[in-house]
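Following: one structure in structure tokens, then a few remarks.
Computed from the coordinates by the stated procedures, all read-outs in this text should not be read as laboratory data. Owing to the predicted nature of the structure, the values given are computational and were not obtained by experimental measurement. Reconstructed Cβ throughout: ideal geometry from the backbone, glycine too, with neighbour counts over all protein chains shown.
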Amino acid sequence: MSATTGDAANSAESKKPARATHFTFRHPVFSVKGGYFAYMGKSTEVGFHLPLGDMFGVAPINRIQDEFHLDPEGDDGRLLQIVSDGLRYVSTIRPGDSIPTEILDGTASWSVEERHHELATNRLDLQVWSWTKGREKVIALPQIQDRITRDPETRKAIEAGLRALAEQLGHGEGGAEQVKFQLERVRREIVYIEALRDRGAFTKEIAAGLGRYNRLYGNINGVEGEIGRARALMRMPLELFRKRFAEVDARTGQILELLRDVDASIHRIREDRDDLHFDFMAWDGLIEKWKDAVYERTEAALALIKETYRFLATNYATSVAWTLAGQRLH
């Protein structure tokens with residue numbers, strides 16, 4: 001390449017806009033104090049929510065784009081598209097917020113606890129262990145993980161399994177260390193699945209809590225019926241989450257396939273992570289309230305029961321109705 005050609009290429013490269021890392025809008029409409037982006041009701045249409053005195057108004061972003069003649073290929077137009085994508089990862093976006101890292105580099109924008117790292121490590125170790133025995137399976141229950149991993153013979157079998165995996169994968173000298181490195185890359189992604197599994201487990205706690213309230217309020221008209229309807233509606237999300245995690249575990253349940261192409265495995269895990277996280281975002285507020293549940297006849301308990309029923313009726317009543325209708329057809 002000639003110097004002139006090289007200089008021209010470098011000049012063109014330098015003129016490319018830097019990749020945005022924040023929702024920094026140019027148009028004044030997005031500078032209204034208190035404004036934020038979120039879905040409109042239960043639809044997937046994105047709106048810009050604006051304070052109007054003591055209330056909030058909302059305008060669909062496509063209407064804002066048309067009204068203010070925002071070029072879809074301009075800075076604000078491109079950011080509005082990123083807003084639409086970003087709401088799969090966070091519940092609200094405010095002008096000036098950081099763009100979710102899921103969009104920037106694929107990593108999760110939310111944090112996990114130390115115990116989730118331990119669960120992910122144990123899970124993969126035990127996949128190696130069960131693979132050496134010819135009956136590989138995903139062991140996700142902490143109490144079973146702890147019991148098995150404490151056995152010194154299990155640790156020896158895991159080390160032997162790492163060497164056997166290295167041989168199967170065609171790694172040369174130092175192959176076991178290469179397998180460990182690959183497993184660590186996968187573990188850093190699996191840890192988010194284990195954290196989400198915790199969220200799924202807490203939905204079972206909510207179902208159990210409704211049962212406890214049913215015993216407390218079982219003889220009070222009105223309350224008894226609302227609890228009963230909520231308990232019936234809870235069956236749908238519990239079954240949906242059970243199936244979802246079973247599917248995820250099936251896709252990551254073969255250690256050899258996980259390690260044959262780690263980049264592809266990480267891509268699949270991240271897709272599952274993002275889908276599950278999106279599903280659980282709607283539950284986050286309710287889960288936090290149930291963590292403080294007191295099993296006594298109080299106004300707070302009644303409010304929690306009513307909120308839980310409203311949430312389930314809004315999000316799952318149609319699915320339950322279709323399921324029941326389908327069952328009646330057989």
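Things worth noting here:
- Estimated D of the range 183-284 in µm² per second, where Rh is the Kirkwood radius over Cα pairs and Stokes-Einstein applies at 37 °C, 0.692 mPa s: 212 µm²/s
- Lysine pairs meeting the criterion (Cα under 17 Å, 8 or more apart or interchain), as found in the chain: 8
- You can think of it this way: the chain between Arg155 and Glu205 has 14.7 nm of extra reach, that is 0.36 nm per residue less the Cα-Cα gap.
- Alpha carbon centroid spacing (whole Å) that separates the range 216-231 from the range 155-205: 46 Å
- Scoring 227-236, 281-290 by mean Cβ neighbours within 10 Å over their residues and listing the highest first yields 227-236, 281-290.
- Distant alpha-carbon pairs in the chain (separation over 33 angstrom), percent: 48 percent
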